[in-house]
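Following: one structure in structure tokens, then a few remarks.
Throughout, read-outs are computed from the coordinates displayed, never taken from laboratory work. In this text, all values refer to a predicted model and were calculated from it rather than measured experimentally. Reconstructed Cβ throughout: ideal geometry from the backbone, glycine too, with neighbour counts over all protein chains shown.
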Amino acid sequence: MRRIKLDLGARSYEILIERGLRARLGGAIAKVWSPRRVLLLTDTHIAPLHLQQASASLTAAGFDVTEMIVPFGEGSKSLAELERVYDVMANAHMTRSAGVVALGGGVCGDLAGFAAATYMRGVAFIQVPTSLTAQVDSSVGGKTAINLGSAKNTVGSFYQPDLVLIDPDYLATLSDRYLTEGYAEVLKMATLTDPALCWRMLSGVNRADDIRRVSPELIDFAIHYKASVVAADEHDLGLRQLLNFGHTLGHAIELLAHGALAHGEAVSVGMVQLTRITEARGLTEPGTADQIAERLQAVGLPIDSPLLHDADLLPQILMDKKMRSNQLNLVVLKHIGSPEIVPLKRDEVADFLNLQEA
């Protein structure tokens with residue numbers, strides 16, 4: 001078993017990575033939580049595959065389990081679904097001693113985490129991510145949120161889990177498409193670190209089966225990197241902003257796609273297209289975008305989208321939560337392994353990104 005500690009003082013917790021861990025889910029959680037009422041939240045995709053095993057394991061470990069299934073997809077990160085979670089918890093007579101377990105991808109983790117952060121001013125929370133995107137990124141670091149209309153992750157909180165349990169075997173039931181979208185987040189973190197490590201680790205990954213084969217190593221690498229960043233900047237005020245590489249364009253086209261693009265697919269496009277722009281502006285070493293694109297295309301990820309020319313792209317970017325005090329902190333690469341933040345005033349964004357103002 002791989003154990004990674006995210007050191008946040010009194011809010012520190014462990015991330016456990018091991019094949020077969022899902023069969024011992026209840027026992028692993030019982031080492032952290034005393035017996036209590038638990039909301040086990042999952043979605044319509046994961047429920048038929050993994051809910052019964054998880055619920056039975058928790059029950060066998062002494063927990064009083066209430067199951068809840070939300071629709072699969074980004075649409076569940078909504079005020080309406082959040083209210084439904086509160087109702088289920090209240091109807092199950094859950095108090096501040098209760099716990100919430102998120103079993104699923106990033107949407108389940110975000111929704112369950114924000115519900116845990118706000119129900120009765122906060123109840124205990126544990127992440128059991130089942131998608132590669134959640135296993136390498138969203139389950140760690142305490143960001144929880146829902147969307148507000150067309151604005152992504154607008155209503156949320158920093159709320160750390162008590163434990164993150166990662167079983168790479170969950171990826172066996174993930175489609176190739178949703179497996180490879182998670183790989184975009186791994187590559188993102190690799191581009192922010194040592195260039196030799198980046199390409200040595202990723203050079204043998206050329207298809208979805210390669211990702212499954214080396215998933216424990218990919219997850220371990222990504223979580224170690226992210227845990228170090230979060231420990232240094234829990235509330236996203238400095239260093240942690242580097243993790244937004246590719247997300248400024250990525251989040252915008254993801255929302256404009258209305259579900260047709262997965263998160264990692266949008267980030268893949270965002271990384272490549274932003275780096276092409278910064279190369280043309282002399283901010284990035286020539287050839288960097290092609291290096292990134294080659295690794296993404298090897299596993300079938302997109303690197304371009306017609307939505308980059310959508311008239312609503314600029315307004316969507318300017319609505320993003322990364323806008324601070326009328327300024328966008330844009331993460332760019334000088335070269336692989338050397339990220340930096342380029343601050344742009346609101347009226348500079350369109351020109352810098354070669355976008356047309358409405």
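Brief remarks follow.
- Take each peptide in 245-252, 89-96, 230-237, count the other Cβ atoms within 10 Å of every residue, and average; sorted highest first, the result is 245-252, 230-237, 89-96.
- Signed unit charges on C-beta, dipole axis of the range 175-352, positive-most listed residue 300, 267, 218: 218
- Cα gyration tensor, the chain - rounded (a/c under 1.5), prolate or oblate: prolate
- Charge dipole of the chain about the Cα centre (unit charges at C-beta), most positive-ward option of 127, 75, 47: 127
- Ranking 317, 32, 144 by how far each Cα lies toward the positive end of the dipole of the chain (charges on Cβ) leaves 32 at the top.
- Here the dipole of the chain is about 1020 debye; that uses its Cα centre as origin and unit charges on the Cβ of Lys and Arg (positive) and Asp and Glu (negative).
- Considering only the chain, percent of DSSP beta bridges that pair antiparallel, nearest 5: 45
- Cα gyration tensor, the range 82-166 - rounded (a/c under 1.5), prolate or oblate: oblate
- The overall shape of the range 2-172, judged from the alpha-carbon gyration tensor, is rounded, with an a/c ratio under 1.5.
- The chain, relative contact order in percent, only Cα pairs under 8 angstrom and at least six apart counted: 14
- Per-residue [θ]222 nm for the chain (sum of -39500 (n - 2.57) over DSSP H runs n ≥ 4, rounded to 500): -11500 deg cm²/dmol
- Neighbour-count ranking [beta-carbon atoms within 10 angstrom, fewest first] of 143, 152: 152, 143
- Cα-based Lys proximity count in the chain, under 23 Å, for pairs eight or more positions apart or on separate chains: 29
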